[in-house]
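Okay, so here's the structure we're looking at.
The values are calculated or read from the model by the stated rules, or taken from the named source; none is laboratory data. Please read all numbers here as calculations on a predicted model, not as lab measurements. Note that we place each Cβ from the backbone using ideal geometry, even for glycine, and neighbour counts take in every protein chain shown.
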Amino acid sequence: MNTAMHVLPYLVAVYVFLTGCYGLATSRNLIHAVGCLAVCQSATYVLLLAVGYRDGATAPVFSDIEPGSRPVVDPVVQALTLTDIVVGATVTALLLALVLQIAKRHGTVDPDELRELRG
Amino acid sequence: MSDAVITVSLLLVAGCATAAVVQRDPARQALVLSVLGAVLAVLFTVLQAPDAGLSQLAVGSALTPLLIMLCVRKVRRRGRTKDGAR
Amino acid sequence: MNRLRLWLLAVGGAGLAALLVAACLDLPAFGGRWHPYGDRAVQASLDRHIANTIASVNFDQRAYDTLGEISILFAAVLGCVVLLREARDEHRAPPEPAEVARPVRRYALLVLPVALVTGLYVIAHGQLSPGGGFQGGVVAATALHLLYLGADYGALERVRPLGVYEASDSLAVCAYLVLGLAGVLAGTAFLANTLLPYGTFNTLSSGGTVPLLNAAVGMEVASAVVVLLAHFLDQAVEIEEEHGS
């Protein structure tokens, strides 16, 4: 049981990432594609936090535990995840704004129809 | 014990991510994404990352779905007024 | 054409999956005890009297990195504002106030102050408990939009002078830069946490410049989210295209 547990979180991250990529590539609607990109982003959060986890440890916040009394998980990857989440949301917003512009200029949000318009 | 909780929340994340990709209607996808955000927040809390969990709860289950919904509404409204003018 | 594309996707996806799985099998086992960076970050955080190690990493040990993050945030918001401005062939049509169900109105107005205070609390206690500028800013900004649920769009526009939020967004980024430069003027490095005394462990004023940088980021994130949501709401609710264009 333990050997499976040692890689399971990483494999879930890989699975979520590939699922998001599949959705991105086969999407027929640019808004849906942006949602799939959000799924891809969440895979990176799972990977980062899985790397920093430590068995039997607690959160690296010392306001209510004595420093050194218990092992804590890795705070560096958590800080990376934290900023990643908020910045990822604003990048999603920027992409959605671009989609709205495309909808205004071309009257469609289907990537295939857009390709035909250009060609 | 904690291994079981982690496994369950990991599988929930994988399931929600699949549902979010398979759901092709963006308005419904926004709802699934907000569930995915909440499940991710639970996973982060289980992985002892309360900071990231809080952030994911605020962003993933409220902000991103809201932006997608507003975008869908704008695109649909455009379609309606175009058809009305025709 | 379409079938070819799907094949290409399948082959590429399978290759990527194989590589990623191989990489996963080589990663240190999940839940292992070996975290050299984490242990050192915890030690550095305790040395500087910061109870929440994540705040210490974000605003002290990797403060320069956070400057990059908030620049991305600022640039993304700027891009949205430019893309979503009212174009020449569009006009504003203020929506009629809609009927809101009474329970929705009551609970939205009840939850609004609680959510707003929670957001501000989370920002203020960034270096003590889980939370900080990034999370609290989003909570406070989205809390304000409960007014749209509870009342109507006009009410939201009255309590949200957009220019003020745009100005406070840029002010907050400037404040972060100025705090960094203050370190240079004091004779140490850019964004080095040597300016202020470290204070008593586990109090609001502990951690030197960390609470100040945290507050600047909280202000930036809150105003950025308000500005973003305002422009998307404008597009979705108010701005219409001219007919016959």
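Residues being polar (S, T, N, Q), facing chain A (nearest Cβ under 7 Å), in a helix (DSSP H, G or I) and free of Cβ contacts under 8 Å to residues at least 24 places away in the same chain: count how many of those fall in the range B:1-60. Write out each step before concluding.
So in the range B:1-60, the residues polar (S, T, N, Q) come out as B:2, B:7, B:9, B:18, B:23, B:29, B:34, B:45, B:48, B:55-56.
Still in the list and also facing chain A (nearest Cβ under 7 Å): B:7, B:18, B:29, B:48, B:55-56.
Remaining after also requiring in a helix (DSSP H, G or I): B:7, B:18, B:29, B:55-56.
From what's left, free of Cβ contacts under 8 Å to residues at least 24 places away in the same chain: B:7, B:18, B:55-56.
Number satisfying all stated conditions: 4.
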- Looking at (1) surrounded by 11 or more Cβ atoms within 10 Å (Cβ to Cβ); (2) in a helix (DSSP H, G or I); (3) hydrophobic (A, V, I, L, M, F, W, C), which is the only condition residue C:50 fails? (2)
- Item | Sole exception among (1) closer than 19 Å to residue C:208 by Cβ; (2) modelled with pLDDT of 90 or more; (3) more than 7 Å from chain A (Cβ to nearest Cβ) for residue C:57, by number | (3)
- For the subset of the range A:44-73 comprising residues that are assigned to a helix (DSSP H, G or I) and β-branched (Val, Ile, Thr), which member is farthest from the other protein chains (Cβ to nearest Cβ)? A:44
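Could you check the range C:126-177 for helices (runs of 4 or more DSSP H) lying wholly inside it with 1 or more residues that are farther than 26 Å from residue B:53 by Cα and away from chain B (no Cβ under 14 Å)?
Values: elements: C:133-144, C:146-150, C:153-158.
Passing ranges, in order: C:146-150, C:153-158.
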- Task: Determine whether the range C:99-121 contains at least one residue that is touching a residue at least 24 places away in the same chain (Cβ under 8 Å), within 24 Å of residue A:67 (Cβ to Cβ) and not in a helix (DSSP H, G or I).
- Result: no
- Query: Could we say that residue C:226 is touching a Phe, Trp or Tyr at 6+ places or on another chain (Cβ under 8 Å), assigned to a helix (DSSP H, G or I) and under 29 Å from residue B:60 (Cβ atoms) here?
  - Reply: yes
- Message: Report every pair of residues separated by at least 6 positions or lying on different chains whose Cβ atoms are under 7 Å apart, first residue within the range A:74-89 and more than 7 Å from chain C (Cβ to nearest Cβ), second of a type in the set (S, T, N, Q) and part of a helix (DSSP H, G or I).
- Response: A:84/A:44; A:85/B:55; A:85/B:56; A:88/A:41; A:89/B:64
- Query: So, of the residues in the range B:67-82 that are closer than 17 Å to residue A:90 by Cα and either touching a residue at least 24 places away in the same chain (Cβ under 8 Å) or over 17 Å from the mean Cα position of the chain (by Cα) (or both), which turns out to be farthest from the other protein chains (Cβ to nearest Cβ)?
  - Reply: B:69
- Quick check: anything in the range C:3-20 within 8 Å of chain A (Cβ to nearest Cβ), in contact with a Cys (Cβ under 8 Å, 6 or more places away or on another chain) and surrounded by 12 or more Cβ atoms within 10 Å (Cβ to Cβ)? yes
- Would you mention how many residues in the range C:62-93 are surrounded by 22 or more Cβ atoms within 10 Å (Cβ to Cβ) and more than 8 Å from chain A (Cβ to nearest Cβ)? 2
- Query: How about the range A:3-43: which of its residues are more than 8 Å from chain B (Cβ to nearest Cβ) and within 15 Å of residue C:27 (Cα to Cα)?
  - Reply: A:3, A:4, A:6, A:7, A:10, A:11, A:13, A:14
- Qualifying residue in the range A:15-33 (condition: closer than 27 Å to residue C:139 by Cβ and surrounded by fewer than 20 Cβ atoms within 10 Å (Cβ to Cβ)): no
- Message: Can you pull out every residue in the range A:74-114 that is surrounded by fewer than 17 Cβ atoms within 10 Å (Cβ to Cβ), part of a helix (DSSP H, G or I) and among the acidic types (Asp, Glu)?
- Response: A:112, A:113
- Query: If you check C:196, C:181, C:204, which single one turns out to be more than 14 Å from chain B (Cβ to nearest Cβ), assigned to a loop (DSSP other than H, G, I, E, B), surrounded by fewer than 18 Cβ atoms within 10 Å (Cβ to Cβ) and more than 22 Å from the chain's Cα centre (by Cα)?
  - Reply: C:196
- Inside the range C:81-137, the number of residues satisfying the requirement of being over 30 Å from residue C:60 (Cβ atoms) and not aliphatic (A, V, I, L, M) is 18
